[in-house]
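Notes follow once the structure below has been shown.
Since every read-out is calculated from the coordinates, none of them should be taken as a lab result. Only a predicted model underlies this, so the values are computations on that prediction, with no experimental measurement involved. Positions of Cβ are backbone-derived with ideal geometry, glycine not excepted, and every protein chain shown enters the neighbour counts.
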Amino acid sequence: SSMGCRDEAVLPPGTLAISVGGPQGKNLFLVDIQTQSQIRITKSPGDHTNPVFSPDGKKLVYLTNFGNQLSLNQYSISDKATWQLPVTPTSAATWSPNGENIIFYCDSEICVANNIGEIISRWSPGEYLNIIETAGPPSRSAESGDIAFSAENTKGEVDIYVVDKNWGNLRRVLYNRTSKHMPPYQKVDQKTLEKR
């Protein structure tokens, strides 16, 4: 579940967005935690999961899995309207801190799309790191714009990496404790990874 909405005219404070499983699949609801009132926001077939409020609390982005096909959808809380974004995700999405973009994985790349689903940037760390798309969507720092993600190197070691908003300065921030060759928060390139 995710909690949000800073505008009391749109939703009461403390409203949750939750995914609830049932015989027809998983559907999304908005739940007011004070009154327990519920608003169902998905009715189409499939599993609707991973709802995330935009920073201003006025929209949700969520993942739909229907027939093993993934799609990202946005829901406008004030308009009660849903639309599918014209992207092909391989993970759930998260919002950029300013709410202007969404960030998700698409075919082993990190993709950034605007609010109408146009991909404005995409990046891959190269052949020597494999992004782990099942670990949740990438995250973006509100202050620096850096993007964090999980990846596995060619030796099968899984770490958390960070790249800046211009897709430069790739570095490891958490690392496999069995490694003696590479401290955390070190810049990463193929040569240093091969030393591990």
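Quick notes
- Peptide packing for 52-59, 32-39 was compared via the average number of neighbouring C-beta atoms within 10 Å per residue; ordered from the highest value, the list is 52-59, 32-39.
- Using Cβ point charges alone (K and R +1, D and E -1), the dipole size of segment 1-146 about the Cα centre works out to roughly 500 debye.
- Most to least packed among 91-102, 62-73 [average Cβ atoms within 10 Å]: 91-102, 62-73
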